[in-house]
Amino acid sequence: MTSAISAHGLAKRFGQVRAVRDLSLEVRRGEIYGFLGRNGAGKTTTIRMLLGLIRPDGGEIRLLGSSLREDRAGVLSRIGCFVESAASYPNLTVRENLELHRRLTRSPKASVGEVMGLLKLEDYADRRASRLSLGNKQRLSLARAMLHKPELLVLDEPANGLDPAGIVEIRGLLRRLADIEGATVFMSSHLLDEVEQLADRVGIVHEGRLVEELDRAQLRKGSRVAIEVDASDAEAADRALEAAGIKALRQMGVAEDLESRFLRLTGGKA
Amino acid sequence: MIFLNVLYVEFAKLRRSKVTWLSFLVYAVMIAMAGFFMWIIKNPGAAESLGLLGQKADLTLGGKSPTWPTFLGLIFEMAGMGGMIFLAFIVAYVFGREYVEGTAKTMLTLPTPRAYFVLAKFVVTGLWFALLTAWLLPLGLVAGRLVGLSGFDPALLRGLSAKTLVSSLLAFSACPLVAWIAVETRGYFAALGYAIFTLVLASVFGHTGWGPWIPWSIIGLYSGMAGTGPALVAGSYAVLAATFALGLGLTLRHEVLADNVQ
């Protein structure tokens, strides 16, 4: 089976700024892929390139086995997305916003009610989008992305604006979509704990490059072990480590969590 | 079918917008003001008691007598150059709002040809402007009747209605450039600034030999609002057709091909 997202050698420059450079991604079908990076690392630019909002300067993208250039409408009809921030037509109600999206994606009429139930928006169905809280605006954007039951969800910071209970709820929802519906979720986030709990695989992007990819097993195990050596003679300990032939006096292994790993890779302080 | 869905969506967005209804109110106020000036001139005693307003009203009408031909002529001028500016506001709103409200990125990732959105927006803009222009007629008739103007001639009304239709079409032909500036700059303000600048251009060139060749002066010259200038020639209409094609092409190019970094 083809990958849900297959991107090779992506590059994008804005003037003098190289936002993305030689970035390659392979997201398998049915997995939740967390795309981590600091502000300005190139997450949103990558997502925009994946969705055809920005033309890459170089590289190739295939979504669900097809290219946007070859079959834009066909590919986009199988994708749900939201980019960077929640946005809806402020003068329209929640129901009207979803109804317009339903028409444009040619989804069944019942899908509006279903997705409002899924995102717990029924109580706000007739409220104008401009009068929703930030969290409910985010839910509305998620509802729109999910309305046509896409095979691939591309979500840019989906937990933004949600309270802790909302984050847990959305986490459960995305997990169900992946496990039961078989949907693929590609989500960017800066909430490390959130990604660690949800993602099957994580990609860390820094200065426009994908610097590391980890799978769930590596995330749980902590793939890098810091070894603290307590030695009476530091030079001897160095030599011993180099030669790996001297028995250390005491060793304490500390598993590196995702936050530490992220900060190490992206130049932050642990 | 897909285009009809897009058209429906664009109408639905406008129907719930306050701006749509506000525009009809603004046109009603414009006609009420014109009728009020007529009433002042028709009632010199009241004009004297209002002082400056009486002088202003007299200036607006160029000293003409308060009759139906004068009033209908005034409405025709308002529909021409006034319509061009108002149309620019409408176009800037319809195209710019997607960027101001942050919905452009959603719109452009839908499985719908992007060109359909551009074309549907021009259709709803045209219909909105046509309804607004048509709205002037019953308003004008009511206002003129309330003021008690004399000299009503159905033939004059028919003639001016036809001319208003033509001037509206001429104004519409210049509007795609406003749409292009709105999408290129991702908002309303540059497009509105451009529209006001074109008004200045229309006025400046309207009195020169270049008038029949400058798109915005052509509209002013046709409606009579740019003053008495050179006569329009067949090439003037070709210039407007080219302006329309250029604006439409640039807007389509931006929405279909350009990077969206909203």
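What follows is calculated from the coordinates using simple rules that are stated; it is not laboratory data. Here the structure is a predicted model, which means the values were calculated and not measured. FYI the Cβ positions are ideal-geometry reconstructions off the backbone, even for glycines, and counts take in every protein chain you see.
Quick check on the protein assembly as shown: of the DSSP beta bridges with both residues there, what percent are antiparallel, nearest 5%? Around 55 percent of the beta bridges assigned by DSSP in the protein assembly as shown are antiparallel ones. From helices alone, the protein assembly as shown scores -18000 deg cm²/dmol at 222 nm; the rule is -39500 (n - 2.57) for each run of n ≥ 4 DSSP H residues, then divide by the residue total. The value given for the protein assembly as shown is a Kirkwood hydrodynamic radius of 27.1 Å, derived from the mean inverse Cα-Cα separation. Judged by the gyration tensor of its Cα atoms, with axes a ≥ b ≥ c, region A:123-171 is oblate; a/c meets the 1.5 cut and b/c is at least as large as a/b.
In straight-distance terms, cross-link reach from A:Lys120 covers every one of the aspartates and glutamates whose alpha-carbon lies under 17 Å from its own, apart from those fewer than eight places away in the same chain; here that gives A:Glu96, A:Glu99, A:Asp163, A:Glu169. Note that region B:191-205 has calculated 3J(HN,Hα) couplings of 5, 5, x, 5, 4, 5, 4, 5, 5, 5, 4, 4, 5, 5, 7 Hz, one per residue in order, obtained from phi through the Karplus relation 6.51 cos²θ - 1.76 cosθ + 1.60 (θ = phi - 60°); glycine and proline are x. Taking one quarter of the surface of the C-alpha convex hull of chain A gives a mean projected area of 18.1 nm². Note on region A:61-131: Cα Rg divided by 2.2 N^0.38 Å, N the number of residues, gives 1.29. A simple spin-label model places the labels of B:Arg253 and B:Leu157 4.7 nm from each other, with each point 7 Å out along Cα-to-Cβ. Straight-line cross-link reach from A:Lys43 at under 13 Å between alpha-carbon atoms covers these aspartates and glutamates, not counting any fewer than eight positions away in the same chain: A:Glu84, A:Asp156, A:Glu157, A:Glu207.
For A:Cys81, the residues 5 or more places off, or on other chains, whose built amide H falls under 5 Å of its own are A:Val154. Here region B:143-179 and region A:133-155 have alpha carbon centers that stand 47 Å from each other. Contact order for chain B, expressed relative to its length and based on alpha carbon pairs under 8 Å spaced 6+ residues apart, stands at 25 percent. Computed from Cα positions, the angle between helix B:68-77 and the longest principal axis of chain B comes to roughly 30 degrees. Evaluated over chain B, the count of Lys pairs having alpha-carbon atoms less than 22 Å apart is 8 (only pairs 8 or more residues apart or interchain). Kirkwood Rh over alpha-carbon pairs of chain B, then Stokes-Einstein at 10 °C and 1.306 mPa s: what D in µm² s⁻¹, rounded to an integer? D = 81 µm²/s. Computed from Cα atoms, the angle from the helix A:134-146 axis to the main principal axis of chain A rounds to 80 degrees. Relative to its Kirkwood radius, the Cα radius of gyration of region A:36-185 gives an Rg/Rh of 0.96.
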